[in-house]
Amino acid sequence: MSKTFLVADIGGTNTNLALARHDGETIELVFKERYSTQDERSLLEPVQRFLKAASSLGFSEAIDFCCVSGAGPVQADETIQLTNAPWSISASELSALLGVPVRLINDFTALSYAVTLLDYKNEAEITRLPHLDGSLGEPADGLMLIVGAGTGLGVGFVDRHGKSVTAYPSEGGHSELPCFDALSHDFHEWLSERYGYPAGAELAISGQGIANIFEFVCTEKLDARMIAAEYGIPQPGSGSGLGSGLEASLDAGPSELSKGILKTPRTAWPAAVAANSRTDVHCALTMELFVRLYALKAANLVSILLPRGGVWLAGGISSKNETWLLENHRFMRWFEKNYAPHIREFLSKTPVLIVKNYDISLLGAAEAAHQFSEHG
């Protein structure tokens with residue numbers, strides 16, 4: 001029997017709402033809207049506006065269940081204090097408004113449910129990253145690891161065996177930041193001094209992380225000779241160009257373009273840095289360090305979970321910068337690094353996939369709603 005669910009995905013930047021029809025086999029998002037999380041004071045107001053807009057367009061069917069995924073851990077009282085926004089979500093308040101049962105789940109629990117619905121061979125939804133030997137790997141039944149750099153860094157995992165699916169919450173985005181060379185250690189020290197604690201992964205591997213790296217490389221005195229030797233950053237207008245040209249560019253300090261970015265609102269920095277990563281040395285260095293840290297963090301998590309179902313890179317940054325991750329095996333060159341030969345062997349066979357379906361969190365919340373409404 002078909003059911004209609006109200007589903008939501010609440011992140012630090014966007015609040016996405018949808019009506020989802022689930023016939024027991026497939027999910028259809030029949031109406032959806034997007035709101036600014038930072039512009040709202042709670043979830044109740046956008047939900048009311050959403051339902052009014054849906055009704056005006058003829059979507060007046062009764063809602064059977066509501067599931068909300070939020071960027072933060074679910075507390076014992078069924079609330080989520082959003083990690084990167086100044087308000088919280090309450091299941092009881094939302095249930096009183098809607099008159100239906102409401103369940104809250106972590107945003108990466110929703111993504112965990114969602115990846116089990118995706119066809120990894122569908123190139124419109126998924127990009128598979130080739131390993132250094134050219135192989136792609138085939139996701140198998142078992143644990144699937146979801147890692148996603150967006151406004152923050154999310155981590156989730158799901159155990160799939162046939163049609164049996166169990167998703168688990170995680171706050172792995174706040175675990176340790178991997179350091180691998182002098183630049184990353186200096187950056188870690190810079191972050192730790194700023195926050196008063198040893199820096200966690202999210203402070204570098206996320207949108208806010210790109211902003212942090214960019215500020216660091218633009219404002220700190222860097223060892224330009226070491227960077228020129230260790231980082232393959234092309235000079236603007238050249239095909240390769242390491243060496244003295246890069247050293248000179250770094251020693252000269254931020255370009256006018258980089259200085260201009262620094263004068264804009266901090267939330268605009270990640271997109272601007274990524275957009276100029278091929279023409280500006282400081283933007284390029286920022287994205288290069290970001291990708292290396294991202295790949296190493298994903299590999300660290302793989303060594304803990306051994307996910308035979310693959311690593312699924314969700315979050316907007318991976319999909320928007322797909323070419324940068326793929327180019328010259330930029331991501332996979334660092335993903336496959338480990339001091340232990342048996343772990344390197346496992347990493348070299350673990351499928352890594354970029355999720356490009358922007359409705360994935362809503363689909364995951366709808367699948368979770370179906371599971372909860374059927375089984376409690």
Could we say that His161 is in contact with a helix residue (DSSP H, G or I) (Cβ under 8 Å, 6 or more places away or on another chain) and either open to solvent by 60 Å² or more (accessible area, probe 1.4 Å) or over 18 Å from Gly315 (Cα atoms) (or both) here? no
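Please state which one of Val155, Val165 is touching a Phe, Trp or Tyr at 6+ places or on another chain (Cβ under 9 Å) and within 21 Å of Ser373 (Cβ to Cβ).
Val165
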Looking only at the stretch 54-68, count how many residues are touching a Phe, Trp or Tyr at 6+ places or on another chain (Cβ under 8 Å) and either open to solvent by less than 50 Å² (accessible area, probe 1.4 Å) or of a type in the set (A, V, I, L, M) (or both). 6
Among the residues of the stretch 109-118, is any without any contact (Cβ under 8 Å) to a residue 40 or more places away in the chain, out of contact with any Leu (no Cβ under 7 Å at 6 or more places or on another chain) and not in a strand (DSSP E or B)? no
Could you list, in sequence order, all residues of the stretch 330-369 that are open to solvent by 20 Å² or more (accessible area, probe 1.4 Å), assigned to a helix (DSSP H, G or I) and out of contact with any helix residue (DSSP H, G or I) (no Cβ under 9 Å at 6 or more places or on another chain)? Pro341, His342, Arg344, Glu345
I'd like to check something: does the stretch 200-210 contain any residue that is in a strand (DSSP E or B) and modelled with pLDDT of 90 or more? yes
Within the stretch 72-97, considering residues that are among the aliphatic types (A, V, I, L, M) and open to solvent by 20 Å² or more (accessible area, probe 1.4 Å), the one nearest to Gly200 (Cα to Cα): Val74
Is there a residue being over 26 Å from Ala201 (Cα atoms), open to solvent by 50 Å² or more (accessible area, probe 1.4 Å), in contact with a strand residue (DSSP E or B) (Cβ under 6 Å, 6 or more places away or on another chain) and of a type in the set (Asp, Glu) anywhere in the stretch 122-129? no
Checking Ala140 against (1) within 29 Å of Trp269 (Cα to Cα); (2) open to solvent by less than 50 Å² (accessible area, probe 1.4 Å): exactly one of these is not met. Which one? (1)
Within the stretch 187-199, restricting to residues that are part of a helix (DSSP H, G or I) and either touching a helix residue (DSSP H, G or I) at 6+ places or on another chain (Cβ under 6 Å) or touching a residue at least 40 places away in the same chain (Cβ under 8 Å) (or both), the one that is surrounded by the fewest Cβ atoms within 10 Å (Cβ to Cβ) is Trp190
Against the definition (assigned to a helix (DSSP H, G or I) and modelled with pLDDT under 95), how does Gln38 come out, yes or no? yes
Search result, residues across the stretch 1-26 that are open to solvent by 20 Å² or more (accessible area, probe 1.4 Å) and under 20 Å from Ser56 (Cα atoms): Asn16, Arg21
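The values are calculated or read from the model by the stated rules, or taken from the named source; none is laboratory data. Model, not experiment: these values are computed from the prediction. All Cβ positions, even for glycine, are placed from backbone atoms using ideal geometry, and neighbour counts span all protein chains on display. Areas reflect the complete protein model, heavy atoms only, side chains present, ligands, DNA and RNA absent. Shrake-Rupley method; radii C 1.70, N 1.55, O 1.52, S 1.80 Å.
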